[in-house]
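Step one of this worksheet: look at the structure below.
The values are calculated or read from the model by the stated rules, or taken from the named source; none is laboratory data. Quantities reported herein were computed from a predicted structural model and do not represent experimental measurements. Because the Cβ atoms are built from the backbone with ideal geometry, glycine has one as well, and the counts that use them run over all protein chains shown. Surface areas here come from the heavy atoms of the whole protein model, side chains and all, with no ligands, DNA or RNA. Shrake-Rupley method; radii C 1.70, N 1.55, O 1.52, S 1.80 Å.
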Amino acid sequence: DSGVTQTPKHLITATGQRVTLRCSPRSGDLSVYWYQQSLDQGLQFLIQYYNGEERAKGNILERFSAQQFPDLHSELNLSSLELGDSALYFCASSLDRNNSPLHFGNGTRLTVT
Amino acid sequence: DQQVKQNSPSLSVQEGRISILNCDYTNSMFDYFLWYKKYPAEGPTFLISISSIKDKNEDGRFTVFLNKSAKHLSLHIVPSQPGDSAVYFCAASSIKAAGNKLTFGGGTRVLVKP
């Protein structure tokens, strides 16, 4: 158990809808990361937050947004969903120092129909 | 542009033998490298890492080798066990980049046969 909790585990929704994915980091970790893994693809970095502030941004679509709250949990909001957004979305957390491992949750599987 | 590549999508090995997984990178700014293992329906689990100031790091059955001039790293698993059957990802990061984001390779699926 990595200590990172993601909810829900599965989400099925229709195109055009909006969903929110939730992540609680490991105790003591201040950084939260979001990654997307599409079918047969590697993990693609979306965004990182540290202690409530955006730290780094990857290939995150404008339809997607995230935030980190004062209790350090994070939410990833996906709107105007398209079929191609179907993927596994992983949250990870780490101590806030460079060159430290990320610890991943078990992911949320999003299916857009 | 794939900055981290794992050219072997799969690997099959007999129990007790050595598994060797390879990874190449193109970004010379990368200075920290990691290997993760992933089982189905679970998130990636951190296995072992290496800083660019070293060329080898060992942890039990797992050893990572780094060849900076070739921009190549490898993971050796000795001896391989059936429980090692999983997808393995290599990842890299740069201390000079903003944040601590990891760039991942596409993964290698390892099957250890009893």
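At a glance:
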quantity	calculated
Residues (of a type outside the set (S, T, N, Q), open to solvent by less than 40 Å² (accessible area, probe 1.4 Å) and free of Cβ contacts under 8 Å to residues at least 24 places away in the same chain) located in region A:75-113	A:P101
Test: residue in region A:59-74 that is in contact (Cβ under 8 Å) with a residue 40 or more places away in the chain and not aliphatic (A, V, I, L, M)	yes
Residue that is more than 30 Å from A:K57 (Cα to Cα), open to solvent by 70 Å² or more (accessible area, probe 1.4 Å) and either part of a strand (DSSP E or B) or more than 14 Å from chain A (Cβ to nearest Cβ) (or both), where the choices are B:R109, B:R17	B:R17
B:I53, sole failed condition from (1) open to solvent by 60 Å² or more (accessible area, probe 1.4 Å); (2) part of a loop (DSSP other than H, G, I, E, B); (3) in contact with a strand residue (DSSP E or B) (Cβ under 9 Å, 6 or more places away or on another chain); (4) within 14 Å of another protein chain (Cβ to nearest Cβ)	(3)
So A:Q44, is it among the polar types (S, T, N, Q) and either within 11 Å of chain B (Cβ to nearest Cβ) or surrounded by 19 or more Cβ atoms within 10 Å (Cβ to Cβ) (or both)	yes
Residues satisfying the stated conditions in region A:88-113, i.e. part of a strand (DSSP E or B) and within 14 Å of another protein chain (Cβ to nearest Cβ)	A:L88, A:Y89, A:F90, A:C91, A:A92, A:S93, A:S94, A:H103, A:F104, A:T108, A:R109
Considering residues of region A:1-15 that are open to solvent by 50 Å² or more (accessible area, probe 1.4 Å) and touching a Ser or Thr at 6+ places or on another chain (Cβ under 8 Å) only, the residue farthest from the other protein chains (Cβ to nearest Cβ)	A:T15
Filtered residues of region B:68-93 (kept if of a type in the set (S, T, N, Q), part of a loop (DSSP other than H, G, I, E, B) and surrounded by fewer than 21 Cβ atoms within 10 Å (Cβ to Cβ))	B:S69, B:Q81, B:S85
Hits in region A:20-63 (condition: out of contact with any Pro (no Cβ under 9 Å at 6 or more places or on another chain) and among the β-branched types (V, I, T))	A:T20, A:I47, A:I60
